[in-house]
1. Just to verify a result, which residue in the range 85-113, among those that are among the charged types (D, E, K, R) and outside any loop (DSSP other than H, G, I, E, B), is surrounded by the fewest Cβ atoms within 10 Å (Cβ to Cβ)?
2. Looking at the range 73-117, which of the residues that are free of Cβ contacts under 8 Å to residues at least 40 places away in the same chain and under 26 Å from PHE160 (Cα atoms) is farthest from the ligand (Cβ to nearest atom)?
3. Among the residues of the range 148-189, which ones are assigned to a strand (DSSP E or B) and hydrophobic (A, V, I, L, M, F, W, C)?
4. Do you know which of the residues in the range 26-52 that are assigned to a helix (DSSP H, G or I), out of contact with any strand residue (DSSP E or B) (no Cβ under 8 Å at 6 or more places or on another chain) and over 16 Å from ALA75 (Cβ atoms) is nearest to the ligand (Cβ to nearest atom)?
5. Of a type in the set (Val, Ile, Thr) and in contact with a Cys (Cβ under 9 Å, 6 or more places away or on another chain) - does that describe any residue in the range 143-154?
6. On the basis of being of a type in the set (Lys, Arg) and not in a strand (DSSP E or B), does ARG125 make the cut?
Amino acid sequence: MRLSQAEFEGMSHPARRFFHRHVEHRVFLWLGLDVAGKNVLEIGCGNGYGALLLSEQRPASYHGVDLMTEQIELAQRRELPGFSFSAMDATHLDGIESASKDVVVIFGILHHIPAWRDAVAEVRRVVRPGGLFFFEEPDRRVIALWDRCFDWGHHPDAGFRLGELEAAVEEAGLSIEGRRVLPQVLGSYRACRSQ
Ligand SMILES: C[S@@+](CC[C@H](N)C(=O)[O-])C[C@H]1O[C@@H](n2cnc3c(N)ncnc32)[C@H](O)[C@@H]1O
């Protein structure tokens with residue numbers, strides 16, 4: 001779903017960039033994120049700050065997709081050489097070939113997608129056997145608290161419990177091999193497509 005105007009602006013706040021770089025990305029590095037020389041897809045790339053962080057490891061290719069064209073325009077303004085972006089729905093990654101990506105990355109977007117299980121199935125489709133999926137998401141209870149504090153206006157049914165997310169990822173055929181979880185708050189994971 002599209003972000004509310006308040007959340008859209010919040011995504012460009014310096015505090016968001018600080019958390020993105022020093023917590024979310026750092027935890028992925030701790031979980032073994034290494035995109036050097038890899039073909040990378042970032043789903044829900046937002047304004048491209050994740051792309052900037054991933055560019056530091058020099059992937060062979062990077063493509064970022066997001067539902068909101070406003071986000072894609074911001075991401076394209078970063079002018080990262082060799083990086084491409086396009087507007088796309090995570091539940092229908094049309095045009096992205098099956099098993100074409102070495103690494104798929106998600107920084108906190110599945111909780112915005114009512115049919116988030118379909119997005120997980122698309123990750124499983126586009127990542128190659130042996131390829132990796134790094135993702136982090138808040139627990140549903142934090143989203144409710146966040147909305148009370150910041151009025152970001154998530155859909156009342158937005159999100160999931162972290163346990164539900166973990167089960168859905170495993171059921172989709174991606175084995176979780178690493179995790180860093182703050183129970184009932186935030187989970188970061190590394191999963192692998194075995195076949
Ligand atoms: C909370 S923001 C996070 C953006 C970015 N990953 C970051 O960490 O700054 C969630 C993003 O998911 C995108 N989004 C929501 N639903 C989507 C969908 N169905 N397909 C692709 N992107 C989606 C939104 O447009 C938004 O940019």
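Values quoted throughout were computed directly from the atomic coordinates according to the rules given, and no laboratory measurement underlies them. Computed from a predicted model, the values in this text were never measured in an experiment. Glycine gets a Cβ as well: all are built from the backbone with ideal geometry, and neighbour counts include every protein chain shown.
1. Quick first cut of the range 85-113, residues among the charged types (D, E, K, R) only: 89, 94, 97, 101-102.
Now narrow it down to the ones that are outside any loop (DSSP other than H, G, I, E, B): 89, 101-102.
Numbers: ASP89: 16, LYS101: 26, ASP102: 18.
Out of the qualifying residues, it is ASP89.
2. The first filter runs over the range 73-117 and keeps only residues free of Cβ contacts under 8 Å to residues at least 40 places away in the same chain, leaving 73, 75-84, 86-89, 91-92, 94-95, 97-99, 115.
Subset that is under 26 Å from PHE160 (Cα atoms): 87-89, 91-92, 94, 115.
Values: ALA87: 8, MET88: 6, ASP89: 5, THR91: 6, HIS92: 9, ASP94: 12, ALA115: 8 Å.
Once the filter is applied, the top-ranked residue is ASP94.
3. Applying the first criterion (assigned to a strand (DSSP E or B)) to the range 148-189 yields 174-182, 186-189.
Residues satisfying the conditions are LEU174, ILE176, VAL181, LEU182, LEU186.
4. Within the range 26-52, the subset assigned to a helix (DSSP H, G or I) is 26-30, 49-52.
Add one more test, that the residue is out of contact with any strand residue (DSSP E or B) (no Cβ under 8 Å at 6 or more places or on another chain), and what stays is 26, 29, 49, 52.
Next, only the ones that are over 16 Å from ALA75 (Cβ atoms) stay: 26, 29.
Numbers: ARG26: 14, LEU29: 15 Å.
Restricting to residues being assigned to a helix (DSSP H, G or I), out of contact with any strand residue (DSSP E or B) (no Cβ under 8 Å at 6 or more places or on another chain) and over 16 Å from ALA75 (Cβ atoms), the top hit is ARG26.
5. Taking the range 143-154 first, the residues of a type in the set (Val, Ile, Thr) are 143.
The next check asks that each one be in contact with a Cys (Cβ under 9 Å, 6 or more places away or on another chain); those that pass are none.
No, there is no match, as no residue in the range 143-154 is of a type in the set (Val, Ile, Thr) and in contact with a Cys (Cβ under 9 Å, 6 or more places away or on another chain).
6. Working: of a type in the set (Lys, Arg): yes; not in a strand (DSSP E or B): yes.
Judged against the criteria, ARG125 is a match.
So that you can scan it fast, the table gives a plain yes or no per residue for (1) out of contact with any Pro (no Cβ under 8 Å at 6 or more places or on another chain); (2) closer than 22 Å to GLY178 by Cβ; (3) buried (at least 18 other Cβ atoms within 10 Å of the Cβ):
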{"residue": "MET1", "(1), (2), (3)": "no, no, no"}
{"residue": "SER12", "(1), (2), (3)": "yes, no, no"}
{"residue": "ARG17", "(1), (2), (3)": "yes, no, no"}
{"residue": "GLY37", "(1), (2), (3)": "no, yes, no"}
{"residue": "GLY44", "(1), (2), (3)": "yes, yes, yes"}
{"residue": "GLN57", "(1), (2), (3)": "yes, yes, no"}
